[in-house]
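A.B. asks: Pasting in a structure now, in structure tokens, and then I'll have a few things to ask.
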Amino acid sequence: MTAQTIPVDPFELIVFGGTGDLAYRKLLPALFQRDRAGQIVGPSRILAVSRREMTDEAFKAATREAIERFVAPEDRTEDEVARFLGRVAYAPVDGTGEAGWSDLKARLNGDSDLVRAFYLAVNPDLFGPICQNIGKAGLIHGNTRAVIEKPIGKNFDTAQVVNGAVGAVFDEHQIFRIDHYLGKETVQNLMALRFANALFEPLWNAAHIDHVQITVAESIGVEGRGGYYDTAGALRDMVQNHILQLLCLVAMEPPMSMDADAVRDEKLKVLKALEPIDGGNVDRMTVRGQYGAGASAGGAVPSYAEEIGSEGSATETFVAVKAEIANWRWSGVPFYLRTGKRLAERVSEIVVAFRPIPHSIFDGGAGGIVANRLVIRLQPDEGVKLWLMIKDPGPGGMRLRHVPLDMSFAQAFGGRNPDAYERLLMDVIRGNPTLFMRRDEVDAAWHWVDPILAAWRSAGDKPKAYTAGTWGPSASVALIERDGRTWHEEA
């Protein structure tokens, strides 16, 4: 079965930071794929903006190089690349100053009905000044949107400043706070699994689920992002946004519909129901670590401190959290969250561990019975596994085995799996904010995270060391095993 491609309305997308790594690595390849699929039509175009002086021809050449680097050869032809390059252009603009804005306005379509989206692929400190200049230049009309990337602040107060500056220019319904994890097919399939099947939702509660694990593990280090990462750390960089959004999709009540605010209302309720973690329980509920030297990808790798050139850094590169939700559906069901860099492998997954059966009718010779698990793999091999107990084939009596019903997206649907940015960028053009964070969600996430950060600062303890290429500090194993559970690490 081939997925249906529905074209979006013609648009103009203006990318501030259009010569940066995010634009070349993700945004331009994603837009190329949507153009190749026939989803971008008519006079639609992409205008990259930055302070750098560059001609249209030079930018087109850089875009071609990015496509050749980040798009597989089998997923592009010369005609498709040439057609896409016809849609891109470049304008030098000082985002926070005055230079270039009149030229930018002259290059934009004067049609007030044409969708116009500003993508701010820049440092969050620049969101406010750029938005103010967009408004001052008269570039906003009823069909205008603004897309902003994380991090949105470093705590609740700074997030208020960022959101306030953007919100002073754009209405809330025009602001799209992007989290690329929510654009992954498997994440969206979580909602389909829950709400389109009679099998799961009746069991999706504390009576049948023992616990939930959410893991986002990276095998790489900070990879040149040391300056940013050392001021953020794993809790701010991954938990406050990506992982809490995944938790919300697992834990939320069924929304009335797939309407954007209906979904986001239910996610907000989950965030507000999270049990506080502060100085009184932070030692029992969290573990933070920092990788030391070790081995990864078959070679030796330096420690985090060596990588960023700061031996005294107390920034965590790993965090594990035991989160609890104070409501009827999830009372007594822990959500174990963990993320880190330089771990044993790159994997992102959600594990829903069901309770064991109350009584076994099988004798000891049949073997032990392992509780059912639903494993939703976000990367690298997107898919869904439901682990069940079945009889081992053969005439040798009743022998039970724990095996998965395995649905790999690549095998089930064939073809390439679209990148998350492809879906999210098209949702921006459609004006569909379902997969984007509302301001009150950002506020609620910081309200939960800030006391953890404060408790860590107050304690003054350094992150626990772990060897690069392992699954983090031993204390993270203790965090879950003292509850009689273990981390899901599939061989």
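A.B. asks: Does anyone have the angle between helix 156-167 and the longest principal axis of the chain? Alpha-carbon axes, 0 to 90°, nearest 10?
C.D. replies: For helix 156-167, the angle is close to 40 degrees.
A.B. asks: When the Cα centres of the stretch 330-355 and the stretch 228-257 are compared, how far apart do they sit, in Å?
C.D. replies: Answer, in whole Å: 12.
A.B. asks: Now for a different question. Give me the Kirkwood hydrodynamic radius of the stretch 312-398 in Å, from all C-alpha pairs, to one decimal place?
C.D. replies: 16.8
A.B. asks: A follow-up question, please. For N417 paired with R52, estimate the spin-label separation in nm (one decimal), with each label point 7 Å from Cα along the Cα-to-Cβ line.
C.D. replies: Taking the two extended label points, one gets 3.1 nm.
A.B. asks: A further question on this structure: What does the charge dipole of the chain about its Cα centre add up to, to the nearest 20 debye, if the Cβ of each Lys and Arg holds +1 and the Cβ of each Asp and Glu holds -1?
C.D. replies: 520
A.B. asks: Shifting gears a bit: Report the percentage of all Cα-Cα pairs in the stretch 344-481 whose separation exceeds 22 Å, rounded to a whole percent.
C.D. replies: Value for the stretch 344-481 (Cα pairs over 22 Å): 68 percent.
A.B. asks: Could I ask something else about it? Students often forget the sequence filter, so: which aspartates and glutamates lie under 12 Å Cα-Cα from K150 once same-chain residues fewer than 8 apart are removed?
C.D. replies: Here the aspartates and glutamates satisfying the reach criterion relative to K150 are D125, D179, D237.
A.B. asks: Would you work out if the stretch 173-299 is rounded, prolate or oblate? Take a ≥ b ≥ c from the square roots of the eigenvalues of the alpha-carbon gyration tensor; rounded if a/c is under 1.5, else prolate when a/b is larger than b/c, oblate otherwise.
C.D. replies: In terms of gyration-tensor shape, prolate.
A.B. asks: Still on this structure, please answer the following. According to the square roots a ≥ b ≥ c of the eigenvalues of the Cα gyration tensor, what is the shape class of the stretch 20-99, taking rounded for a/c under 1.5, prolate for a/b larger than b/c otherwise, and oblate for the remainder?
C.D. replies: Verdict is prolate for the stretch 20-99.
A.B. asks: Find, among the GluC sites (Glu not before Pro) in the stretch 125-224, those assigned to loop by DSSP (not H, G, I, E, B) with at most 11 other beta-carbon atoms within 10 angstrom.
C.D. replies: Of the GluC sites (Glu not before Pro), the ones in loops of the stretch 125-224 whose Cβ has at most 11 other Cβ atoms within 10 Å are E223.
A.B. asks: Here is a further query. From the convex hull of the Cα coordinates of the stretch 185-257, what is the mean projected area in square nanometres?
C.D. replies: 6.8
A.B. asks: Percent relative contact order of the stretch 284-341, based on C-alpha pairs within less than 8 angstrom and at least six residues apart?
C.D. replies: 33
A.B. asks: Further question on the same structure: Taking the C-alpha atoms of the stretch 71-167, how large are the radius of gyration and the largest Cα-Cα span, Dmax, in Å?
C.D. replies: 16.5, 49
A.B. asks: Pick out, in residue order, every one of the GluC sites (Glu not before Pro) in the stretch 248-328 that is DSSP loop and has at most 11 other C-beta atoms within 10 Å; say none if there are none.
C.D. replies: E311
A.B. asks: For the chain, what is the percent of antiparallel DSSP beta bridges, rounded to the nearest 5?
C.D. replies: So the antiparallel bridges amount to about 55 percent of the total.
A.B. asks: Helix 56-70 versus the longest principal axis of the chain: what is the Cα-based angle in degrees, 0 to 90, to the nearest 10?
C.D. replies: 20
A.B. asks: Ordered by residue, what ³J(HN,Hα) values in Hz, to whole numbers, does the stretch 39-44 give under the Karplus form 6.51 cos²θ - 1.76 cosθ + 1.60, where θ = phi - 60° and Gly and Pro are x?
C.D. replies: For the stretch 39-44, the Karplus curve yields 8, 9, 10, x, x, 4 Hz.
A.B. asks: Please report Rg over Rh for the chain, where both radii come from the alpha carbon positions and Rh follows the Kirkwood definition.
C.D. replies: 0.98
Any read-out appearing in this document is the output of simple, stated calculations on the displayed coordinates, not a laboratory observation. None of these values were measured; they are calculated from a predicted model. A quick note on method: Cβ atoms are made from the backbone with ideal geometry, for glycine too, and the neighbour counts reach across all protein chains shown.
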